[in-house]
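In what follows, a structure is listed as structure tokens, so that the remarks can point back to it.
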Amino acid sequence: MSTTIYHNPRCSKSRQTLQLLQDNEIEPVVVEYLKTPPSAAKLAQILTLLDIEPRDLMRQKETVYKENNLNDPALSRTDLIAAMIEHPILIERPIVTTNGKAAVGRPPANVLDII
């Protein structure tokens, strides 16, 4: 079983989620997504696993969200995914993927449903 966490070490929820995985004897692959953003294909796959739309995974209070008018309803799924790749700070965190499932660790206990 391969488990991956898209992690921001500066985020308390992300650190708590990583600790929760480790407490459950899971040593995930840690991807610091701000340094190494997922590809567009990987992000699309994560959205499918989460069964949500791109905006639902975006941190809409970030300045870059407002500056780029990402609330524009005319923007396509592809446009929004591209914005998240270009500005990974927009991606909600942490995201855990394992066994064809995914969860956003907000709250961290959400990941217990998939491990």
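The values are calculated or read from the model by the stated rules, or taken from the named source; none is laboratory data. The model shown is predicted, which means the values in this text are computed figures rather than measured ones. Please note: Cβ atoms are built from the backbone with ideal geometry, for glycine as well, and neighbour counts cover all protein chains shown.
A few remarks follow.
Table: residues versus (1) modelled with pLDDT under 95; (2) closer than 17 Å to residue 113 by Cα; (3) of a type in the set (A, V, I, L, M).
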| position | (1), (2), (3) |
| --- | --- |
| 25 | no, yes, no |
| 32 | no, no, no |
| 37 | no, no, no |
| 49 | no, yes, yes |
| 56 | no, no, no |
| 59 | no, no, no |
| 67 | no, no, no |
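- The one condition in (1) part of a loop (DSSP other than H, G, I, E, B); (2) under 20 Å from residue 35 (Cβ atoms); (3) without any contact (Cβ under 8 Å) to a residue 40 or more places away in the chain that residue 93 fails to fulfil: (3)
- Scope segment 19-39; condition farther than 15 Å from residue 92 by Cα and either of a type in the set (S, T, N, Q) or not in a loop (DSSP other than H, G, I, E, B) (or both); matching residues: 19, 20, 21, 22, 23, 24, 29, 30, 39
- Filter result for residue 74 (in contact with a helix residue (DSSP H, G or I) (Cβ under 9 Å, 6 or more places away or on another chain) and not β-branched (Val, Ile, Thr)): no
- When segment 96-114 is limited to residues that are within 12 Å of residue 4 (Cβ to Cβ) and among the β-branched types (Val, Ile, Thr), the one that is surrounded by the fewest Cβ atoms within 10 Å (Cβ to Cβ) turns out to be 114.
- Taking every residue in segment 52-70 that is closer than 12 Å to residue 80 by Cβ and pairing it with any residue that is modelled with pLDDT of 95 or more and of a type in the set (Lys, Arg), at least 6 positions away or on another chain, the pairs with Cβ-Cβ distances below 8 Å are 53/77; 54/77; 65/59; 70/55.
- Pairing residues of segment 3-21 that are free of Cβ contacts under 8 Å to residues at least 24 places away in the same chain with residues that are buried (at least 21 other Cβ atoms within 10 Å of the Cβ) and of a type outside the set (Ser, Thr, Tyr), at Cβ distances under 6 Å and at least 6 apart in sequence or on separate chains, gives no pairs at all.
- Restricting 115, 81 to residues that are of a type in the set (Val, Ile, Thr), over 10 Å from the mean Cα position of the chain (by Cα) and part of a loop (DSSP other than H, G, I, E, B) narrows the list to 115.
- Among (1) under 14 Å from the mean Cα position of the chain (by Cα); (2) farther than 18 Å from residue 12 by Cα; (3) not aliphatic (A, V, I, L, M), the one test that residue 94 misses: (2)
- Residue match in segment 46-60 (condition: polar (S, T, N, Q) and in a loop (DSSP other than H, G, I, E, B)): yes
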